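To start, the structure under review is shown below, and the notes come after it.
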Amino acid sequence: TTQETRRKLSTRQKVLNLIDENSKITRVELAERIGVSENAIKQHLANLKNDGIIQRIGSTKAGYWEIADK
């Protein structure tokens, strides 16, 4: 449905906005701030990575997110 698509896009945009604010934000923090499950965040991050919009720099624990074309 278009409403579901819109919700996904807004969640995706919220993920990007939060990463932009804090590149070291964790999946748990993203899930809490946006109000979705950690698995939903994991999927959004995977999609953003696959689309070439974000990339993980460094390790899972000590690394950070980088938004492409910044």
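The values are calculated or read from the model by the stated rules, or taken from the named source; none is laboratory data. This is a predicted model, so every value here is computed, not measured. Reconstructed Cβ throughout: ideal geometry from the backbone, glycine too, with neighbour counts over all protein chains shown. These area figures cover heavy atoms from the full protein model, side chains too; ligands, DNA and RNA do not enter into them. Shrake-Rupley method; radii C 1.70, N 1.55, O 1.52, S 1.80 Å.
Quick notes on this one:
- When only Cα pairs below 8 angstrom with a gap of at least 6 residues are kept, the chain shows a relative contact order of 28 percent.
- Averaged per residue, the chain has 72 square angstrom of accessible surface, using a 1.4 angstrom probe with ligands and nucleic acids left out.
- Here the Karplus curve 6.51 cos²θ - 1.76 cosθ + 1.60, taken at θ = phi - 60°, turns the phi angles of the range 52-59 into couplings of x, 8, 10, 9, 8, 10, x, 6 Hz, with x standing for Gly and Pro.
- If you take all other residues with their beta carbon under 9 Å from the beta carbon of Leu18, and give Lys and Arg +1 and Asp and Glu -1, the sum is -1.
- Against the set [x] 23, 17, 10; [y] 21, 10, 10; [z] 20, 14, 10, the structure's computed semi-axes √(5λ) of the Cα gyration tensor in Å falls on [z].
- When the helices of the chain are scored as -39500 (n - 2.57) per DSSP H run of n ≥ 4 and the total is divided over every residue, the value at 222 nm lands at -19000 deg cm²/dmol.
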